[in-house]
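Nothing in this text is a laboratory measurement; each read-out follows from the coordinates by a stated rule. Remember, it's a predicted structure, so these values are computed and weren't measured experimentally. Cβ: placed from backbone, ideal geometry, glycine included. Neighbour counts: every protein chain shown.
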Amino acid sequence: MKTSSRVQTLRIARGAVIAALYVALTLPFAPISFGPVQFRISEALTVLPALAGSAVPGVTLGCLLSNLLAGAPWPDVVFGTLATLVGAVGTRMLRHRPKLIWIPPVLANALIIPWVLKFAYEVPDLIPYMMLTVGAGEVIAVGGLGMLLYAAVSRKRSLFEGEE
């Protein structure tokens, strides 16, 4: 196998593993993974695009599959996935500033998900309140767990062979 083919295969496999991990960390915890005060442990994975470009489609696909498999309404499937994509791309863009990589997923979710909760789930809470609650869950998941994950995984650069 050519080196470029091997590297491409590794990127696809890495993205698929990240997607599977996202689903595995979302669905078993569905009661806390969805709703106005949500805490998705899987959102910790949104720091991985700082280490590997393949993590962007990985976390995005993982979010899409999680929402579909959980039976989320279409606005959550579409806009929840979009929030994860925006956060992952932002994290990738900040990869050279590791202390800031947790900010894009927090902001994307805090700004987008409350609208999904309001209109797809008919949550009666005010949008600003849900921005705080969703944002707080994201700060814990991404700023806390995600940054711990980043610190642990960034030491194992061999896991990201072929990634820039």
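Along the charge dipole of the stretch 3-160, Cβ charges K/R +1 and D/E -1, which of 7, 52, 68 sits furthest on the positive end? Working it through, the farthest residue towards the positive pole turns out to be 7. Karplus-based coupling profile of the stretch 64-77, in residue order and whole Hz: 4, 5, 4, 5, 5, 5, 7, x, 5, x, 3, x, 6, 4, with θ = phi - 60° in 6.51 cos²θ - 1.76 cosθ + 1.60 and x standing for Gly or Pro.
Which label marks the calculated value of P(r) over Cα pairs in 10 Å bins from 0, in percent, given the options (1) 10, 33, 30, 17, 8, 2; (2) 11, 44, 38, 7, 0; (3) 12, 42, 32, 11, 2, 0? Among (1) 10, 33, 30, 17, 8, 2; (2) 11, 44, 38, 7, 0; (3) 12, 42, 32, 11, 2, 0, the one derived from this structure is (3). Highest mobility in the GNM of the chain, judged by mean-square fluctuation with C-alpha springs under 10 Å and restricted to 100, 85, 61, is found for 100. Result for the chain in a Gaussian network model with C-alpha springs under 10 Å: among 49, 75, 31, the largest mean-square fluctuation is at 31.
Computed over the chain, relative contact order equals 28 percent, with contacts defined as Cα pairs under 8 Å that lie 6+ residues apart. Taking the Cα centre of the stretch 74-164 as origin and assigning +1 to Lys and Arg Cβ atoms and -1 to Asp and Glu Cβ atoms, the resulting dipole is close to 480 debye. Between residue 6 and residue 93, the FRET efficiency estimated from the beta carbon spacing at R0 = 35 angstrom works out to 0.85. Rounded to the nearest 20, the size of the Cβ-charge dipole of the chain about its Cα centre is 760 debye, with Lys and Arg at +1 and Asp and Glu at -1.
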